[in-house]
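Have a look at the structure below before the remarks.
The values are calculated or read from the model by the stated rules, or taken from the named source; none is laboratory data. Here the structure is a predicted model, which is why all the values come from computation and not from measurement. Cβ coordinates were reconstructed from backbone atoms using ideal geometry, including for glycine residues, and neighbour counts include every protein chain displayed. For the accessible areas, the whole protein counts, side chains as well, though only heavy atoms, and no ligand, DNA or RNA atoms are used. Shrake-Rupley method; radii C 1.70, N 1.55, O 1.52, S 1.80 Å.
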Amino acid sequence: QESDVRPVPAAGPAAAPRPEPEFQWAAFWAMLRPQLLALSAAVVLALGAALLNVQIPVLLGQLVDVVARGARTHMEGYLRAARPPALRLLGLYSLQALLTFGYIALLSRVGEQVAASMRKALFVSLLRQDVAFFDAHRTGQLVARLTADVQEFKSSFKLIISQGLRSSTQAAGCVVSLYLLSPRLTVLLLLVLPALVGAGATLGSVLRALSRQAQEQVAKATGVADEVLGNVRTVRAFAMEEQLYCAEAERSSGMSQRLGLGIAAFQGLSNLALNGIVLGTIFVGGSLMAGDQLSPGDLMSFLVASQTVQRSLANISILFGQVVRGLSAGARVFEFMTLEPQVPLRGGGTIPSHSLLGHIAFKNVSFSYPTRPGHPVLQDFSLTLPPGETVAIVGPSGGGKSTVAALLERFYEPTEGSITLDGRDIASLDPSWLRGRVIGFISQEPVLFGTTIMENIRFGKPGASDEEVFAAARMADADGFIRAFPDGYGTVVGERGAALSGGQRQRVALARALLKAPAVLLLDEATSALDAEAERAVQAALEKAARGRTVLLIAHRLSTVRGANRIVVLAGGRVAEVGTHEELLRRGGLYAQLMRQQAAPGPQHPRGE
Ligand code: ADP
């Protein structure tokens, strides 16, 4: 028998190492365009700040010359001489501070707004995707694109604009000042500096690679912890998980320590290099001063300007890594933002409710899940559901029963064959109308949201009046127990409906489905997670709700399908038998065999874990 274990996405062919997505400049431009004015202003301010920074060393040098001379004269003369350059310098500092404030403030604004519109656009796009898309991507991975990737892209963007502009302007400007101060010293510096910066950049990129590996290892360990903690009930039984996490954590610690060692070496070496340059400059500069080619102020200017060049070049080398990371984070965000689903959420024909019968036919449907293309789940499956009748699908687990329901909801498209509603192919009908107005879907585990019972039911038909909600709840036999709660319909359901019992949850879900007055009810193992008593209560409500509707009842427990007009036994993706309960029993085939198995005492056939 086919195992009922859902394939983990990572094992499916769709999750095979995919090529890195391309960065989509057009999509980025669309996000950036509304911010263009603020961005241009930020660029202008950043350039201004950088140009002022270029002036600072020269003015500092002038001040130092005054100071050097002043030390030999009296106080008054010194003050008179020193005030103008000091004031000029102060003015320059203030203006520079103002510009810095301006461009950083503007740039964060632009960054945040672009990030927010990226998040919103991505989220909206994710919501539109096919169910098959969510089979192929883990939720955590999608959430990471919304959070971490957008964040990374935003910081890179801000950094590249601010640091990139500043550093390149400053480096260029300061090299010019250096040359004006002392061509000879400059040539000397330009010989040494690139070699040092190059060595630093190489070492830096090694460190970044180490850091990335360490981060990936942390993520791996976190993933293990996440999986284990999230499935504590299952994991309880296995001690292996503990060792697994400890081993991953150990490896992660080792990597981080190696990274720490690398950072320490880098810091030590770069300190040595920077101090060496200062020493060398003073040493060589001193000899020029002795030959009267350089004033003390010029030497000071030269020192400060050369430091600026060093810092700028180091920044630029770091920025290269940031550009790569930012682009790939952005590419991951834009990839799903511009992805078009195979089945759009809305669009297509509808059938007016007064002429809607609810006649459903599956015609020679074959299907395999997109994540497992070579593995047929349904083969040449045909089934007719006459209006107002109840048809049950039973069979061994993994036989494809839930898949039939998923196809009718149009979560997936059949690989071959067609499904019709009142003679019209559902592929030509509006999916949101089909799901929202025609089919009421009740699954084994109803999903309730962390809000009031009222809102949870109203979710079936946004805008429904309170009266309609009450009526639907009465039809689902839920009104009684809801009103018995102290807060009645205002009772807030805990996360995933934890404040309600299984049977109550299921009846709230039924009320939600009935609120849209669906012509078709799709019950996928609606009672199989319940105990016998709750099952009876829900069963009664379901039978009442089934009146006058076309019902597709999927069940593993045969006790619930006895009353169906027709029972289809589905095994291995094919229809094995069709008939009423009595007919199938008399026939003595698979159904009769399943009946005997379930009647026998002993463990019920568990649904796959
Ligand atoms: P049943 O409801 O009869 O237990 P299902 O329709 O759930 O059977 O599953 C039929 C087969 O399809 C099984 O082999 C199952 O592993 C596979 N399957 C179900 N859902 C998916 C999915 N989302 N992606 C890939 N395979 C799936």
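Summary table below
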{"read-out": "Phi-based couplings in Hz for segment 315-330 (Karplus 6.51, -1.76, 1.60; Gly and Pro marked x)", "value": "4, 4, 5, 5, 4, 4, x, 5, 4, 4, 5, x, 5, 6, 5, x"}
{"read-out": "Theoretical ellipticity at 222 nm over the chain - DSSP helices of four or more residues, -39500 (n - 2.57) apiece, nearest 500", "value": "-20000 deg cm²/dmol"}
{"read-out": "Largest-first principal axis extents, alpha carbons of segment 295-379, Å", "value": "98, 38, 11"}
{"read-out": "Estimated distance in nm for a label pair at residue 176 and residue 243, the labels positioned 7 Å out from Cα along Cα-to-Cβ", "value": "6.8 nm"}
{"read-out": "Total formal charge among the other residues, if their Cβ is under 15 angstrom from that of residue 263, Lys/Arg +1 and Asp/Glu -1", "value": "+3"}
{"read-out": "Cα gyration tensor of segment 203-282 - equivalent ellipsoid semi-axes, whole Å, descending", "value": "43, 9, 7"}
{"read-out": "Whole-Hz ³J(HN,Hα) from phi, Karplus 6.51 cos²θ - 1.76 cosθ + 1.60, for segment 468-480, glycine and proline x", "value": "4, 4, 4, 4, 5, 5, 5, 4, 8, 6, 10, 4, x"}
{"read-out": "Extended-chain gain in nm, criterion 0.36 nm per residue less alpha-carbon gap, residue 485 and residue 346", "value": "46.2 nm"}
{"read-out": "Mean Cβ neighbour count within 10 Å, used as a protection proxy, ranking 194-205, 373-384 highest first", "value": "373-384, 194-205"}
{"read-out": "FRET efficiency estimate (nearest 0.05) - Cβ-Cβ, residue 413 to residue 290, R0 60 angstrom", "value": "0.10"}
{"read-out": "Cα gyration tensor of the chain - equivalent ellipsoid semi-axes, whole Å, descending", "value": "72, 26, 22"}
{"read-out": "Sum of side-chain charges, residue 563 neighbourhood, beta-carbon under 13 Å (Lys, Arg +1; Asp, Glu -1)", "value": "+1"}
{"read-out": "By average C-beta atoms within 10 angstrom, highest first, the peptides 265-278, 118-131", "value": "118-131, 265-278"}
{"read-out": "Calculated Rg and Dmax of segment 412-488 using C-alpha coordinates, Å", "value": "16.4, 52"}
{"read-out": "With Cα atoms, 0 to 90° folded angle of helix 150-159 axis to the chain main axis", "value": "20 degrees"}
{"read-out": "Mean separation of Cα contacts under 8 Å (6+ apart) over length of the chain, as relative contact order %", "value": "17 percent"}
{"read-out": "Residue 232 paired with residue 258, simple spin-label distance in nm, labels 7 Å along Cα-to-beta-carbon", "value": "3.5 nm"}
{"read-out": "Spin-label proximity, residue 544 to segment 459-481 - amide N less than 12 Å from point 7 Å beyond Cα toward beta carbon", "value": "471-481"}
{"read-out": "FRET efficiency, 1/(1 + (r/R0)^6) with R0 60 Å, evaluated for residue 582 and residue 324 via beta carbons", "value": "0.30"}
{"read-out": "Fraction of the pair-distance distribution of segment 40-112 above 22 Å, Cα-Cα pairs, percent", "value": "40 percent"}
{"read-out": "Antiparallel bridges, percent of DSSP beta bridges restricted to the chain (to nearest 5)", "value": "50 percent"}
{"read-out": "In sequence order, calculated HN-Hα J values of segment 79-87 (Karplus, 6.51, -1.76, 1.60; Hz; x Gly/Pro)", "value": "4, 4, 6, 7, 4, x, x, 5, 5"}
{"read-out": "DSSP-assigned coil residues among chymotrypsin sites (Phe, Trp or Tyr not before Pro) in segment 431-464, each with at most 14 further Cβ atoms within 10 Å", "value": "449"}
{"read-out": "Accessible area in square angstrom per residue, the chain, 1.4 angstrom probe", "value": "51 Å²"}
{"read-out": "Label-reachable residues, segment 504-543, where backbone N falls under 12 Å from a point 7 Å from residue 557's Cα toward its Cβ", "value": "525-540"}
{"read-out": "Residues whose placed amide H lies under 5 Å from that of residue 417, excluding near-sequence neighbours", "value": "366"}
{"read-out": "Sulfur and carbon atoms: percent of accessible area, segment 395-444 [1.4 Å]", "value": "46 percent"}
{"read-out": "In nm, spacing of pseudo-spin labels at residue 184 and residue 250 (7 Å Cα→C-beta vector)", "value": "6.3 nm"}
{"read-out": "Whole-number percent relative contact order across segment 437-542, with pairs defined as alpha carbons under 8 Å at least 6 apart", "value": "47 percent"}
{"read-out": "Tilt relative to the chain, helix 590-599 - C-alpha long axis, 0 to 90 degrees, to 10", "value": "80 degrees"}
